[in-house]
Amino acid sequence: MKKFKVVIVEDVKLELKGTEEIFRHEIPNAEIIGTAMTEAELWEIMKQEVPDLVLLDLGLGGSTTIGVDICAKLRTDYPALKILIFTGEIVNEKLWVDALQAGANGIILKTGELLTATDVQAVMDGKEYVFNYPILERMVERFKETIQTEQRRTEAIISYDIDEYDERLLRHLALGYTKEMIASLRSMPFGVKSLEKRQNDLVNRLFKATERTGINACRLVTRAFELRILDIDHLEADEE
């Protein structure tokens, strides 16, 4: 295999030693040209020699986010550099997303199978989004949840005969719009009275006959969320 140079960024001495041993025994075609326990040490190494790969821990000196900032700067300053995150942040999924958006080529969690020659070589071969099993397992679970949520929403929209104007009315009511404000939207070709009629029609469709007494806009919107007709993560207003 083609040889490549690597810098390891890790602020825990025992973990740094263990990572070096993994490279020496499992990835012999990698030459460790430097190790850094702080951001300053990393930039000093980069001034002397630019490696092919930086193995970067996200947490340094007690901070759990500094690695993301380092990753972003490395990606900007060294576009061709391979950056593989090796982190013990096994719960903070937002941090994983931040690292990927900052330009990381992959993330290996310090759990399960740890760092393997296969994963490192995949990054060096140009593969994007290299992950080890624990993070893949979490991603698959999230993927399944997303698909199931979308399916429930599709089924609800079909079951309750929700058209685009129903959805738009419900969405803007959820955002705190009055019917007068909704009627003024470019995308809503109805007057206030028509919207009131549509709202009453939605009450009849979304609630059983025994539940329809005293249903206001707030309760109607809540019901739309319960049925997954509205998605709280995609609640944005149309252009006015």
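The values are calculated or read from the model by the stated rules, or taken from the named source; none is laboratory data. Since this is a predicted model, take the numbers as computed values, not measurements. We place every Cβ from the backbone using ideal geometry, glycine too, and count neighbours over all the protein chains shown. Quick note on the areas: whole protein, heavy atoms, side chains included, nothing else; ligands and nucleic acids left out. Shrake-Rupley method; radii C 1.70, N 1.55, O 1.52, S 1.80 Å.
Miscellaneous remarks
- Measuring nothing but how far apart in sequence close Cα pairs (under 8 Å, 6+ apart) lie, relative to its length, segment 81-140 scores a relative contact order of 35 percent.
- Accessible area of residue 25 in the full protein assembly, 1.4 Å probe (Å², nearest 10): 130 Å²
- Look at the alpha carbon pairs under 8 Å that are at least 6 residues apart: their mean separation over the length of segment 143-229 gives a relative contact order of 40 percent.
- Other residues whose C-beta falls under 13 angstrom from the C-beta of residue 26 contribute a net charge of -3, scoring Lys and Arg +1 and Asp and Glu -1.
- Multiplying the residue separation of residue 238 and residue 93 by 0.36 nm and subtracting their alpha-carbon distance yields 49.2 nm.
- DSSP-defined antiparallel bridges as percent of all bridges, the chain, nearest 5: 5 percent
- Extension gain (nm, one decimal) between residue 80 and residue 33, 0.36 nm per residue minus Cα-Cα: 15.2 nm
- Residues residue 196 and residue 114, FRET efficiency given R0 of 51 Å [Cβ-Cβ distance, rounded to 0.05]: 0.25
- Accessible area per residue (1.4 Å probe, heavy atoms of protein chains only) ranks 188, 1 as 1, 188, with the largest value leading.
- Here residue 73 and residue 175 are evaluated by their C-beta separation; at R0 = 41 Å the FRET efficiency comes out at 0.65.
- Pairwise centroid distance, computed over Cα atoms, of segment 13-35 with segment 176-195, Å: 64 Å
- Expressed as a fraction of 2.2 N^0.38 Å, the C-alpha radius of gyration for segment 5-45 is 1.12.
- For residue 3, the aspartates and glutamates whose Cα comes closer than 18 Å to its Cα, not counting residues fewer than 8 places off in the same chain, are 20, 21, 26, 31, 49, 52, 119, 125.
- Sorted largest first, extent of segment 89-202 alpha carbons per principal axis (Å): 67, 29, 25
- Residue 150 accessible area, assembled protein chains, probe 1.4 Å, Å²: 100 Å²
- At 1.567 mPa s and 4 °C, Stokes D of segment 1-71 from Kirkwood alpha-carbon radius, µm² per second: 105 µm²/s
- Correct option for log10 I(q)/I(0) by the Debye sum over Cα atoms at q = 0.09, 0.16 Å⁻¹ [calculated from the coordinates] among [x] -0.40, -1.16; [y] -0.58, -0.99; [z] -0.35, -1.24: [y]
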